[in-house]
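Chemist: I have a structure here, written as structure tokens, and I will follow up with some questions on it.
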Amino acid sequence: MDYKIAVIPGDGIGPEIVGASIKVLDKIAEKFNHTFNYTEVLAGGAAIDACDNPLPQETVDICLDSDAVLLGALGGPKWDNLPGDKRPEAGLLGLRKSLGLYANLRPAILYEELKAACPLKPEIIGEGLDIMVVRELTGDVYFGEKGRDGDFAAWDIMKYTRPEVLRIAKKAFEIAMKRDKKVTNVDKANVLEVSRFWRSCVEEVAKDYPEVELNHLYVDNAAMQLVINPKQFDVIVTGNLFGDILSDEASMITGSIGMLPSASMADGKFGMFEPIHGSAPDIANQDKANPIHGSAPDIANQDKANPIHGSAPDIANQDKANPIATIVSVAMMLRYSLDLIAEADAIEAAVKKTLAQGYRTGDIFSAGMALVGTTQMGQKIIDNL
Ligand code: NAD
């Protein structure tokens, strides 16, 4: 099959980790007989440098015309002093909005080989963890009416509409059907009217998924349960505010930011896939930032074949970034947007095998393991595919 993938390498370590991930995808294409057509597009700092706009319309158009979007990371100190709407972050928020992404999927996976990085006791984590937090992205206090009465009061209205809750609940149940068939709804229904409404909508959707077990937790209890008994969770579905906090808590119990993928999904199967970490300017080479597109201000030439790895010899970078978060984001893309389940499983198995063989980038290194750079880690994963 042929698939169209829009690729946004972005800033800092973005081009390195995306480059390593594209090589993994190329291996999947060869092994499973697919064709992935990549179109590289600009957003964030790279787009500001090239065309003074963190999100060129052409980027949005190409993303919308693709089956899925793969993103590295946006931002860095170089652009920190620009006004809000000109900053790289405006590119990310604009992408989420213009692509209609409303469901944020954040898996918190603790690999058995990296158990030492987990701050929880070994008896709590057992053989490892695999939790999926499904967070609503477009409603809640972040987007409700807000106001201020001078220095006396301020408010942000917490609001959800029925269609908003139904579609995120449906997404969570669909995901649970591909996993262990358990959904935990997290709200504050003992206090908040919006949570009682949210809960009734989730229960309505649950009727269409009789195979999936549904339970409810108040958010304060959920925060506690995540640290005292995280193994009880499969899929957690929750609103924007609670999800913001719980997804960070869930990811931190897995110990390493360089390992964790995420997806932001729209209606249907379209989604944008990215590591949860940022552009890590401390380990990226800022002087030679973005060798992939630095010399291509003419964004009309974006679909020249695979600039992502074609220019590899010119890439002078520190080779320190862990590419695994982006490589497993690619696995999520295959699973959720392209319905290529065996291919996604193959990538995840290759990552596990590589870790079991003892290969580690600096961020997850421990004594007795083999220290490798970004490129070598990517190659080891390919060798294990
Ligand atoms: P960061 O995630 O970039 O880095 C935090 C720490 O984790 C750093 O020490 C970094 O070296 C390390 N780290 C991150 N990813 C790593 C990897 N793959 N391998 C090894 N180590 C890794 O967060 P920050 O420093 O707060 O932000 C840096 C820039 O990234 C900022 O401009 C910020 O706005 C941006 N950012 C972008 C996104 C995004 O594009 N989605 C998300 C967060 C931050």
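Chemist: At a Förster distance of 51 Å, what's the computed FRET efficiency of Ala223 paired with Ala342, Cβ-Cβ distance as r, to 0.05?
Modeler: E between Ala223 and Ala342, to the nearest 0.05, is 0.90.
Chemist: Turning to a different aspect of this structure: Roughly what % antiparallel, to the nearest 5, for the DSSP beta bridges in the chain?
Modeler: Around 40 percent of the beta bridges assigned by DSSP in the chain are antiparallel ones.
Chemist: Under a point-charge model restricted to the Cβ atoms of Lys and Arg (+1) and Asp and Glu (-1), what is the dipole moment magnitude of the stretch 119-253 relative to its Cα centre, in debye to the nearest 20?
Modeler: With only Lys, Arg, Asp and Glu charged at Cβ, the dipole is about 300 debye.
Chemist: Between beta-carbons, use under 12 Å as the cut-off and find the net charge around Asn221, counting Lys and Arg +1, Asp and Glu -1.
Modeler: My count for the surroundings of Asn221 gives -1.
Chemist: With the crude spin-label approximation of a point 7 Å out along Cα→Cβ, what separation in nm comes out for Asp2 versus Phe152?
Modeler: With each label placed 7 Å out from Cα toward Cβ, I get 6.5 nm.
Chemist: Okay, moving on. Assuming R0 = 51 Å, can you tell me the calculated FRET efficiency for the pair Ala349 and Lys159, based on Cβ-Cβ distance, to the nearest 0.05?
Modeler: 0.75
Chemist: Then there is this: What's the extension gain from Gln357 to Ser98 if we count 0.36 nm per residue and subtract their Cα-Cα distance?
Modeler: 89.0 nm
Chemist: A 22 angstrom limit on the alpha carbon distance is what I want to check against. Which of Lys4/Lys352; Lys159/Lys231; Lys121/Lys181; Lys23/Lys78; Lys171/Lys207 exceed it?
Modeler: Too far apart for the 22 Å limit: Lys4/Lys352; Lys159/Lys231; Lys121/Lys181; Lys23/Lys78.
Chemist: For the chain, what's the relative contact order in percent, using C-alpha pairs closer than 8 Å and at least 6 residues apart?
Modeler: Reported relative contact order: 23 percent.
None of the figures in this text is laboratory data; all of them are computed from the coordinates on show. These numbers were taken from a predicted model, which means no experiment stands behind them. Don't worry about glycine lacking a Cβ; one is built from the backbone with ideal geometry, like all the others, and counts go over all protein chains shown.
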